[in-house]
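As structure tokens, the structure follows; a few thoughts come after it.
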Amino acid sequence: MTHRATIEIHDEAAPSLLGALKPEVIGEPDGSRSRLSLEGRMLKVEIEAEGLAPLRASVNSHLRWLHAACDSAEKARKWKDGHLP
């Protein structure tokens, strides 16, 4: 049975987040597939897997990558605005 999950991120940094995630999607392990799309300021990550365990693992990985990319984007914004040393 195929299971699916969708993650949507609405942020002005969506194009940068897409660029950060693209390398992670290439060469995904067997059992899961991901599609990335950009719709304006929304990054959409669609994940499919042939079981709940691979789906959960893939969702967790994507969320960790997104969290790291969002943290980096936020720090870059603060640095640009002069709020970081």
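Quick note: the coordinates plus some simple rules give every number you see, no bench work behind them. Not measured: the values here are computed from a predicted model. Neighbour counts run over all protein chains shown; Cβ positions are idealised from the backbone, glycine included.
Once you keep just the Cα pairs under 8 angstrom separated by 6 or more residues, what percentage relative contact order results for segment 3-75?
Contact order relative to length: 39 percent.
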Q) Between the DSSP loop rule and a limit of at most 16 other Cβ atoms within 10 Å, which GluC sites (Glu not before Pro) in the chain are left? A) 12, 50
**Q.** Relative exposure of 45, 25, 59, judged by other C-beta atoms within 10 Å (fewest first)
**A.** 25, 59, 45
(Q) Checking the cross-link filter: which lysines have an alpha carbon closer than 22 Å to that of residue 44, excluding same-chain neighbours under 8 positions apart? (A) 22
**Q.** Stretchable slack from residue 42 to residue 57, in nm (0.36 nm times residue separation minus alpha-carbon distance)
**A.** 3.1 nm
Q | Stokes-Einstein D in µm²/s, Kirkwood radius over Cα pairs - the chain at 20 °C with 1.002 mPa s viscosity | A | 157
Q) If you build a Gaussian network model of the chain, linking Cα atoms that sit under 10 Å apart, which residue out of 57, 49, 69 swings the most? A) 57
